[in-house]
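A short write-up of the structure that comes next.
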Amino acid sequence: MAATISWDSLRQLAAFRAEKGCAISLYVDLDPSITPTAGDAVTRVRSLLDEGLKSDGAMRRDYTHDQRRALRDDFDRIRRYFEDDFVRDGAHALAVFSAGLDNFWRPLPLAQSVADEVHVGRELYLTPLVPLVGRGEGALVAVVSREQGRLYRLRGGRLDDVADRFVEQPGQHDQGGWSQARYQRHIEKLVEEHLKAVADELYQQVRRMRSARVVVVCPEELRGEFENLLATEVKAAIVGWTRAPAHAGAAELLGVVTPELERAREQDEQRLVERWREEAGRNGRAASGWEQTLEAASDGRVEVLAFTQGVSHDAWQCPACGRVNVAGGRCPLDGTEMEARVEGLDLAIHQTLVHGGSVLALRHGRDLDPAQGIGALLRY
């Protein structure tokens, strides 16, 4: 099953640094339209491994004999994993991180596609994972009708059952000796009680979560009645209302709610960009461009790092303390000669994550273009 990429798991990966050898970070796209068979996946992986063995990171002259041998062993282990052990199980991509001398091995099946990439270095290459965090992961989906009251939670790109409050309501043929008006009022009372039970269950689920997001799948004629029964906390958590066929399964429901979650994500992006623009405009708690942003990230001042997907920049890194900048020379903290790196964005992401910040890859606009595609909101 696809792994859940959370901020906590991403920070754990960012905290790793190979001390005895070096680390391989490999990403392979398994989208069925691109990689339809297991044989296709193996072919793509072999090509990536060959590329990685010839990369600058793998060919450094300062590696010892033991480090070079361990690196070849790591590449072989990844190849064997794909050929012998990997089970696709609906994954749309796979990330593998390996650093044998430092006893680190972690394969991560992913729910969304990522581009094929391979990197070798002291740190793990994490940039492809950033857009996957917060893609509706953990959201609650409430499917509500006069009889249905089913709650799902989005995990690993799938909707998992959380609760089922289904109630079979009486039909017109069950009227018996009741008058039509009395019988109709009876049915409406039962429906109201059912909706109240679903609303209460949804409230309990939202209370257990931090920063809950909810999408309600509900017939339009029931929306007002159900909404009136919801607690204020639940109403604040709802990011979308939509509809689906009465007997839609989990996969069909996911297709219906995903656009609502994407719209919520776009709104989040716009709110963050507006806040950044306001702070930067008055020289407040914001960084703009690579020089300011890398310096703030190295100082641990970044609250939220934002970048336009696809942006890149060279940088310099201190091999001793990890500090990064765009100028090179000697590290201002310990005097160590800084090393040239092409993964400036990934270095900024690492520095942000290890100091407790979060990262947002902008997918819905080019608002950061005037700032070279990168900026940050700062703690101070």
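Quick one: putting +1 on the C-beta of Lys and Arg, -1 on the C-beta of Asp and Glu, what dipole do you get for the range 140-265 around its Cα centre, in Debye to the nearest 20? Show your work: numbers first, answer last.
Details: 19 positive and 19 negative charges, 104 e Å.
The dipole of the range 140-265 has a size of about 500 debye.
For the range 142-254, take the alpha-carbon Rg, divide it by the Kirkwood Rh, and send me Rg/Rh.
Values: Rg = 15.2 Å, Rh = 15.0 Å.
Rg/Rh for the range 142-254 comes to 1.01.
Explain nothing, just the number: relative contact order of the range 140-265, from Cα pairs under 8 Å at least 6 residues apart, as a whole percent.
26 percent
Which of the listed residues, A142, L30, V359, is farthest toward the dipole's positive end in the chain, when Lys, Arg count +1 and Asp, Glu count -1 at the beta-carbon? Toward the positive end, the furthest listed residue is V359. Helix-only arithmetic for the chain: the sum of -39500 (n - 2.57) across DSSP H runs with n ≥ 4, divided by the residue total, places the mean residue ellipticity at 222 nm at -12000 deg cm²/dmol.
Using the Kirkwood radius over Cα pairs, work out the Stokes-Einstein diffusion coefficient for the range 1-127 at 37 °C and 0.692 mPa s, in µm²/s as a whole number.
On the way: Rh = 14.8 Å.
Estimated via Stokes-Einstein, D reaches 222 µm²/s.
Taking a ≥ b ≥ c as the square roots of the Cα gyration tensor eigenvalues, with a/c under 1.5 meaning rounded and otherwise prolate when a/b beats b/c, else oblate, which class fits the range 1-65? Walk me through the numbers before you get to the answer.
Values: a/c = 3.56, a/b = 1.21, b/c = 2.93.
Note, shape of the range 1-65 comes out oblate.
Dipole magnitude for the chain: computed about the Cα centre from +1 point charges on Lys and Arg Cβ and -1 point charges on Asp and Glu Cβ, it is near 540 debye. Our summary gives the range 1-127 a relative contact order of 48 percent, counting only alpha carbon pairs under 8 angstrom and 6 or more residues apart. Restricting the calculation to Cα atoms, the range 60-117 yields a radius of gyration followed by a Dmax of 13.4, 41 Å. Farthest toward the positive end of the dipole of the chain, out of G249, G224, V96, is the Cα of G224, where the dipole comes from beta carbon charges about the Cα centre.
Its relative contact order, with pairs defined as Cα atoms under 8 Å and 6+ residues apart, puts the chain at 15 percent.
Rounded to whole numbers, the Karplus 3J(HN,Hα) couplings from phi for the range 199-216 are 4, 5, 4, 4, 4, 5, 5, 5, 4, 6, 9, 9, 6, 5, 10, 10, 10, 9 Hz, using 6.51 cos²θ - 1.76 cosθ + 1.60 with θ = phi - 60°, and x at Gly and Pro. Computed about the Cα centre, the dipole magnitude for the range 285-380 is approximately 260 debye when only Lys and Arg (+1) and Asp and Glu (-1) carry charge, each at its Cβ.
Grab the eigenvalues of the alpha-carbon gyration tensor for the chain, scale each by 5, take roots, and send me the semi-axes largest first in whole angstrom. Kindly include the intermediate steps, with their values, before the conclusion.
Numbers: eigenvalues 463, 141, 45 Å².
The three semi-axes for the chain are 48, 27, 15 Å.
Throughout, read-outs are computed from the coordinates displayed, never taken from laboratory work. This one's a predicted model, so the numbers in the text were calculated from it and none came from an experiment. Using ideal geometry, Cβ is built from the backbone for each residue, glycine included, and neighbour counts are taken over all protein chains shown.
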